[in-house]
Amino acid sequence: MKKYEIMFIVKTTIGEDEVKATSKKFQDVLKKDGAKNIEVEEMGQRELAYEIKDCKTGFYFVITCDAEDKAVKEFDRLALIDSNIIRHLIINKEK
């Protein structure tokens, strides 16, 4: 298992309950594929440096976890599809 840091930004145009549901959904994706030591940091709503997909602000989340490549690839695939996530970044902390 490798140590990863995953940052993603959720739209603010959706309700607060849906923001939390989106965060939970992606934590569950990692857990389902065997990720361990999952720590989630909610950084709150922040202004974006530039407009992304017609959004000027977003809710920031940072997840650190130990995971196999399979879990991270599935997270990446689903984050690209999900319309509530406007941007995400996955960093391998071991490199």
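Computed quantities for the displayed model
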| item | result |
| --- | --- |
| Given (1) touching a residue at least 40 places away in the same chain (Cβ under 8 Å); (2) buried (at least 16 other Cβ atoms within 10 Å of the Cβ), number of the condition Glu5 does not satisfy | (2) |
| Boolean, Gly44 is on the phi > 0 side of the Ramachandran plot and not basic (Lys, Arg) | yes |
| Pick from segment 24-36, criterion part of a helix (DSSP H, G or I) and among the hydrophobic types (A, V, I, L, M, F, W, C), ranking: surrounded by the most Cβ atoms within 10 Å (Cβ to Cβ) | Phe26 |
| Filter pass, Ala49 being buried (at least 18 other Cβ atoms within 10 Å of the Cβ) and over 12 Å from the mean Cα position of the chain (by Cα) | no |
| Residue selected from segment 83-95 under the condition of a type in the set (D, E, K, R) and closer than 15 Å to Met7 by Cα, by the criterion modelled with the highest pLDDT | Arg87 |
| From the options Val62, Val19, residue that is under 12 Å from the mean Cα position of the chain (by Cα), modelled with pLDDT of 95 or more and not charged (D, E, K, R) | Val62 |
| Filter result for Ile14 (surrounded by 13 or more Cβ atoms within 10 Å (Cβ to Cβ), out of contact with any Phe, Trp or Tyr (no Cβ under 8 Å at 6 or more places or on another chain) and of a type in the set (Val, Ile, Thr)) | yes |
| Output for segment 52-83, where each listed residue is surrounded by 17 or more Cβ atoms within 10 Å (Cβ to Cβ), out of contact with any Phe, Trp or Tyr (no Cβ under 6 Å at 6 or more places or on another chain), aliphatic (A, V, I, L, M) and part of a strand (DSSP E or B) | Ile63 |
| Glu39 surrounded by fewer than 19 Cβ atoms within 10 Å (Cβ to Cβ) and not in a strand (DSSP E or B) | no |
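The values are calculated or read from the model by the stated rules, or taken from the named source; none is laboratory data. The structure displayed is predicted, hence computed values, not measured ones. Don't worry about glycine lacking a Cβ; one is built from the backbone with ideal geometry, like all the others, and counts go over all protein chains shown.
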